[in-house]
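> Below you'll find the structure I mean.
The values are calculated or read from the model by the stated rules, or taken from the named source; none is laboratory data. These numbers come from a predicted model, not from an experiment. A quick note on method: Cβ atoms are made from the backbone with ideal geometry, for glycine too, and the neighbour counts reach across all protein chains shown.
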Amino acid sequence: MAGFVAVIVVVDLAVHFYLWKRLVRDVTRPGWRRTAGTVVAAGLAVLVPVTVGATRGGHLWWLAWPGYVWIGLMFYLLVALVPLEVPRLALVLLWRPTSRTSEAAETLSRRQAIARGAAIVAGLTAAGTTGYGMRTALGPPRLQRVQMPLAKLPRSMDGLRLAIVSDIHLGPLARTHHVGRIVDLINSVTADIVCVVGDLVDGSVAELGKFAEPLRGIESRQGAYFVTGNHEYYSGFAPWIDEVASLGVRPLRNERVEIGGLDLAGVNDLGGAQYGDGPDFAKALGDRDPSRPVVLMAHQPVVARQAAPFGVDLQVSGHTHGGQMAPFNLVVKLQQPVVSGFGRVDGVPVFVTNGAGFWGPPLRVGAPPQVTVMDLRSS
């Protein structure tokens, strides 16, 4: 843990030094403006670890807004500035002084002019992207409708409707209103089964339990079900399992239920292993009738590799947020085999919903929040 914290601090300092160099030192002359910019940069460097640490689980939640908004803006400043390094260098090399006597002064002047131009471009790009991302993330989730063929599904169950939601991330920036409008959207689709596939919360029951109350209003014909995500284990998973059950949403703890001619199974998240509560695929999927179709609820898409030997007909997952902030989706792809939508993992059909909330910066760029409505079709 100490090593991880050390890495975060080093990265934080390196990023802020780079931003200070490009947005403060390179664009100002020595004086009060540079001093003020340096003080602001130092303060923002401190704000990042304070935000991540102090607001975890709802503590000092008022720090979350400025801290996480800055983290998002910082990310897009980097995304904008780094590609500008090449044209910046090219302009410096190609801009020739008008005379030898003024070469030193003109070199300094042209460097500063180029730096100011790059800072303006990067600042406007980052601010515009951050504003768009906040509007998307804080707005209502969108309804995504898909149809999924399931070969073993009895014809009598053709059209069985699943409402799939993940990554609500009830926490310091998302509370009762956030959960309430997600529940309203779920209820609007008249689902047969509601699947809540992990990362419901970012904080303890004592801190956030009252904000989860809208979950009690979920409506479905055949019940609502829940599996843990990695963030439940950061937030005190055992009390949350009891709390979710008390709200009428049944936790599936490495188990399955029979719903007509369909098996619905759920496994604990991989993150539970270090808490003695990891996934048990044999318990959830073993010793069942293979002629019945089985839909597996699992928070992380990658677990399909472990589920494949058990003949899973469909896995529904979340965890990735669809990448949340493009181009971060390219990094997520290195860890998860499916980032958003449908894919196959070792032969298992896997569907990944973008999630209805956000984690960290209240931004979504290229991956809008969503609740997925999936109609299962017999074939």
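> Collect the residues in the stretch 21-51 that are part of a helix (DSSP H, G or I) and either touching a Lys or Arg at 6+ places or on another chain (Cβ under 7 Å) or not hydrophobic (A, V, I, L, M, F, W, C) (or both), keeping them in residue-number order. Before the answer, list the steps.
Going residue by residue through the stretch 21-51, those that are part of a helix (DSSP H, G or I) are 21-25, 32-51.
Selection gives 21, 22, 24, 25, 33, 34, 35, 37, 38, 43, 49, 51.
> Sticking with this one: Name every residue in the stretch 285-318 that is assigned to a loop (DSSP other than H, G, I, E, B) and within 20 Å of residue 270 (Cα to Cα), in order of residue number. I'd like the intermediate steps shown before the answer.
Taking the stretch 285-318 and keeping what is assigned to a loop (DSSP other than H, G, I, E, B), we get 286-293, 298-300, 311-313, 318.
Listed by number, the residues that qualify are 286, 298, 299, 300, 311, 312, 318.
> Now a separate question. Can you pull out every residue in the stretch 201-239 that is among the acidic types (Asp, Glu) and either part of a helix (DSSP H, G or I) or surrounded by fewer than 22 Cβ atoms within 10 Å (Cβ to Cβ) (or both)? Before the answer, list the steps.
Going through the stretch 201-239, the residues among the acidic types (Asp, Glu) turn out to be 202, 207, 213, 219, 232.
Within the stretch 201-239, 207, 213, 219, 232 meet the criteria.
> Can we say residue 289 is out of contact with any His (no Cβ under 7 Å at 6 or more places or on another chain) and of a type in the set (Asp, Glu)?
Numbers: out of contact with any His (no Cβ under 7 Å at 6 or more places or on another chain): yes; of a type in the set (Asp, Glu): yes.
It is true that residue 289 is out of contact with any His (no Cβ under 7 Å at 6 or more places or on another chain) and of a type in the set (Asp, Glu).
> Still on this structure: Can you run down the residue pairs with Cβ atoms below 9 Å, 6 or more apart or on separate chains, where the first is in the stretch 267-284 and free of Cβ contacts under 8 Å to residues at least 12 places away in the same chain and the partner is in a helix (DSSP H, G or I) and not hydrophobic (A, V, I, L, M, F, W, C)?
So the pair list comes out as 278/271; 278/272.
> Among what's in the stretch 11-53 and is in contact (Cβ under 8 Å) with a residue 40 or more places away in the chain and among the hydrophobic types (A, V, I, L, M, F, W, C), pick the residue that is nearest to residue 123 (Cα to Cα).
Per the criteria, the residue is 23.
> Separate question: When the residues of the stretch 153-174 are filtered to those that are in a loop (DSSP other than H, G, I, E, B) and buried (at least 17 other Cβ atoms within 10 Å of the Cβ), which remaining residue is nearest to the chain's Cα centre (by Cα)?
The initial filter retains those residues of the stretch 153-174 that are in a loop (DSSP other than H, G, I, E, B), namely 153-154, 158-159, 166-169, 172-173.
From what's left, buried (at least 17 other Cβ atoms within 10 Å of the Cβ): 153, 166-169, 172-173.
Numbers: 153: 32, 166: 10, 167: 7, 168: 9, 169: 9, 172: 15, 173: 14 Å.
My answer is 167.
> Related question: Among the candidates 107, 125, single out the residue that is at pLDDT below 95 and surrounded by fewer than 20 Cβ atoms within 10 Å (Cβ to Cβ). Give the derivation first.
Numbers: 125 fails: at pLDDT below 95.
Only one candidate passes the filter, namely 107.
> Are any of the residues in the stretch 189-201 among the charged types (D, E, K, R) and either modelled with pLDDT of 95 or more or within 21 Å of residue 253 (Cβ to Cβ) (or both)? Lay out the reasoning, then the answer.
Start the filter on the stretch 189-201 by keeping residues that are among the charged types (D, E, K, R), which leaves 192, 199.
Checking the rest, the ones that are also either modelled with pLDDT of 95 or more or within 21 Å of residue 253 (Cβ to Cβ) (or both) come to 192, 199.
Checked the stretch 189-201: at least one residue is among the charged types (D, E, K, R) and either modelled with pLDDT of 95 or more or within 21 Å of residue 253 (Cβ to Cβ) (or both).
> Next question. Could you check residue 301 against (1) in contact (Cβ under 8 Å) with a residue 40 or more places away in the chain; (2) more than 21 Å from the chain's Cα centre (by Cα) and say which number it fails?
With (1) in contact (Cβ under 8 Å) with a residue 40 or more places away in the chain; (2) more than 21 Å from the chain's Cα centre (by Cα) applied to residue 301, the lone miss is (2).
> Could you count how many residues in the stretch 329-371 are under 10 Å from the mean Cα position of the chain (by Cα) and surrounded by fewer than 16 Cβ atoms within 10 Å (Cβ to Cβ)?
Of the residues in that region, 0 qualify.
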